[in-house]
């Protein structure tokens, strides 16, 4: 019996499917199936009832799952203890990050982490809020970086900073020359937003609705870069996080401040309340805190 076999058993039980479990464990489905079959041969009994699209633990499988979860937890705890006792900050940190945050926040965070702690390896899962919360609840990530006001007793949440949302308009738009715009001025505009399920799109709509603005949504997409490219070519307008503003595109929108109240989104770190941080995870989170503190400082005149 080997540890990776126990991890595969737990993954199949969690996902209910060998293919999804293999994707979750980052191995091929035949390899995962072969390892579970070897374990079944060693134990002398089937661990799962295989159906066409589902795998259900047998009585023997359920008995193993209880011990397997404890074994894996103990091994992971032991690894953290050894890493912490070594004196050097090292090890693997696993983060879940929203796609609307990751490409804009992480480059400088990970650059600083590599400079200070070259022995830390960071694994990033770019995913939706729903999947991020599920991974945090299962302790599959050390912590997540998200933008959500949802309160859940299972998690500890630490707000890092608030970020303004800017109105992006095409360069030739009549409003492009203004220094700021009122929300009611854009109600008749064609809006481009992220797809449902992405919290930024929901936040933009919620802000508008709270201030008696009913935007006319004409396009939805899954990528902020696609939204900005569409805005730049005159397809509509959108609300874009300040951190996503850049000049690396062939065409760029013009970004405007909305007058008070200005839309903003919270950016927070979140982890399972009972989760014990390794020194490596704590070090990376501290870099995020320092970066957030620097963002809150007023710009030098």
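Each value in this text was obtained by applying a stated rule to the coordinates, not by laboratory testing. As the structure is a prediction and not an experimental result, all values here were calculated from the model. No Cβ is skipped: glycine too gets one built from the backbone with ideal geometry, and neighbour counts run over all protein chains shown.
Given Cα pairs under 8 Å that are at least 6 residues apart, what percent is the relative contact order of segment 3-84?
Reported as a whole number, the value is 29 percent.
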Equivalent ellipsoid semi-axes - Cα gyration tensor, segment 3-84, angstrom: 23, 15, 11
Helix-only CD estimate at 222 nm, as mean residue ellipticity for the chain, using -39500 (n - 2.57) per DSSP H run (n ≥ 4): -13500 deg cm²/dmol
Tensor-based shape of segment 101-167 (alpha-carbon gyration tensor, a/c under 1.5 rounded, otherwise prolate or oblate): oblate
Rel. contact order, % - alpha carbon contacts under 8 angstrom, at least six apart, segment 96-226: 24
Shape call, segment 164-264: gyration tensor on alpha carbons, a/c limit 1.5: rounded
Counting DSSP beta bridges with both ends in the chain, the antiparallel % (nearest 5): 55
Ranked by how many other beta carbons lie within 10 Å on average, peptides 112-123, 278-289, 127-138 from highest: 278-289, 127-138, 112-123
Gain on full stretching of the segment that runs from residue 159 to residue 92 - 0.36 nm per residue minus C-alpha separation: 21.8 nm
Angle in degrees between helix 3-15 and the longest Cα principal axis of the chain, rounded to the nearest 10: 60
For the chain, built as a Gaussian network whose Cα springs stay under 10 Å, the top-fluctuating residue of 246, 238, 180: 246
Degrees between helix 279-296 axis and first principal axis of the chain (Cα, 0 to 90, nearest 10): 10
With Cα atoms, 0 to 90° folded angle of helix 59-85 axis to the chain main axis: 70
Sites residue 77 and residue 212, calculated FRET efficiency, Cβ-Cβ separation with R0 51 Å, nearest 0.05: 0.45
Mean Cβ count within 10 Å, highest first, over the residues of peptides 91-101, 144-154: 91-101, 144-154
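How much of the pair distance distribution for the chain lies past 26 Å, counting alpha-carbon pairs only, in percent?
Cα-Cα pairs of the chain separated by over 26 Å account for 56 percent.
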